[in-house]
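Student: Dumping the structure here so I can ask a few things about it.
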Amino acid sequence: MTEAGAGAAQRHLLVVDDDDRIRDLLKQYLSRAGFRVTGASDATAARRLTEMLDFDLMVLDVMMPGEDGLAFARWLRAQPGLSNTPILLLTARGLPDDRIEGLSVGADDYLAKPFEPKELLLRIEAILRRSGPPKGAPREVRLGACRFDLERQELTRDGKLVRLTEAEGQLLKTLALSANAPVERHVLASSGADAAGRAVDVQVTRLRRKIEDDPKTPRYLTTVRGVGYMLAPD
């Protein structure tokens, strides 16, 4: 997904870490993956940001001076407008008791440092899949005679159910959440749990047979050279 072309459905992440270098690296990496990313150096700054902006997920460092990530997570869970915001905790402490404590305060996942950025990205995407479409995202897209329900990942054509594999449904949902904007192949690959991305082209070919009147000259699921694919609903 290109940073400039993700549209209104782009997910907004808040990264809270007192280490400027780590925070900036995470912002750059996650931005390249297609997310809108805002950073905060501590819980106080993060609290101010939550008063002004809506976030789809928060990445919180546990070991911060002053109010740590666990305390901030507890505060978030006590706020009516923020209590359901997904939380991923980052910490240098990876003992079982530490993980249990992190999950007990309401975190959705827990990742010990050091970690691979790719693992962080996959964990974030898994949490967001479970949490449902972003605020303001469409519940259904129309593709000529086809309709695709994002929540159920169900495709119908002329009112009749069209069978989708789990990977095809997830790929179509990822494209629909960024409708009319190109989505990079590596983002589509990770959304379908295909790290190498070899299956993306096959899935796209199969989807075109199901949604296009003429799969050889696609109208709705188009190729964006050098980037990936784009879904252009009616």
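Student: Taking segment 123-142 as the search range and keeping residues that are modelled with pLDDT under 90 and open to solvent by 70 Å² or more (accessible area, probe 1.4 Å), which one is farthest from the chain's Cα centre (by Cα)?
Tutor: 140
Student: Checking residue 65 against (1) over 19 Å from residue 107 (Cα atoms); (2) at pLDDT 90 or above, only one condition comes out false. Which one?
Tutor: That leaves (2) as the condition not met.
Student: Could I ask something else about it? Out of (1) in a helix (DSSP H, G or I); (2) farther than 20 Å from residue 73 by Cα, what's the single condition that is false for residue 23?
Tutor: Residue 23 satisfies every listed condition except (2).
Student: Turning to a different aspect of this structure: Out of the residues in segment 208-224 meeting the condition of being in contact (Cβ under 8 Å) with a residue 24 or more places away in the chain and out of contact with any Leu (no Cβ under 9 Å at 6 or more places or on another chain), tell me which one is nearest to residue 179 (Cα to Cα).
Tutor: Step by step, filter segment 208-224, then rank; the result is 224.
Student: When segment 152-164 is examined, which residues are found to be within 20 Å of the chain's Cα centre (by Cα) and within 14 Å of residue 203 (Cβ to Cβ)? I'd like the intermediate steps shown before the answer.
Tutor: First, pick out the residues of segment 152-164 that are within 20 Å of the chain's Cα centre (by Cα): 152-154.
Correct list: 153 only.
Student: Same structure, new question: Among 120, 53, which is touching a residue at least 12 places away in the same chain (Cβ under 8 Å) and either touching a Ser or Thr at 6+ places or on another chain (Cβ under 6 Å) or buried (at least 18 other Cβ atoms within 10 Å of the Cβ) (or both)?
Tutor: On the way: 53 fails: either touching a Ser or Thr at 6+ places or on another chain (Cβ under 6 Å) or buried (at least 18 other Cβ atoms within 10 Å of the Cβ) (or both).
Of the residues listed, the single one that is touching a residue at least 12 places away in the same chain (Cβ under 8 Å) and either touching a Ser or Thr at 6+ places or on another chain (Cβ under 6 Å) or buried (at least 18 other Cβ atoms within 10 Å of the Cβ) (or both) is 120.
Student: Select from segment 26-50 the residues that are outside any helix (DSSP H, G or I) and open to solvent by 10 Å² or more (accessible area, probe 1.4 Å) and list them in ascending order.
Tutor: The initial filter retains those residues of segment 26-50 that are outside any helix (DSSP H, G or I), namely 33-42.
The answer is 35, 36, 37, 38, 39, 41, 42.
Student: May I pose another question? Of everything in segment 1-18 that's acidic (Asp, Glu) and at pLDDT 90 or above, which residue is least open to solvent (accessible area, probe 1.4 Å)? Quick ask: steps written out before the conclusion?
Tutor: Of all residues in segment 1-18, those acidic (Asp, Glu) come to 3, 17-18.
Applying the additional criterion that residues be at pLDDT 90 or above yields 17-18.
Working: 17: 2, 18: 63 Å².
Checking each candidate, the answer is 17.
The values are calculated or read from the model by the stated rules, or taken from the named source; none is laboratory data. Source: prediction; values computed, not measured. Note that each Cβ is placed from the backbone with ideal geometry, even for glycine, and that neighbours are counted across all protein chains shown. The protein model used for the area step is the full one, side chains on, heavy atoms only, and it has no ligands, DNA or RNA in it. Shrake-Rupley method; radii C 1.70, N 1.55, O 1.52, S 1.80 Å.
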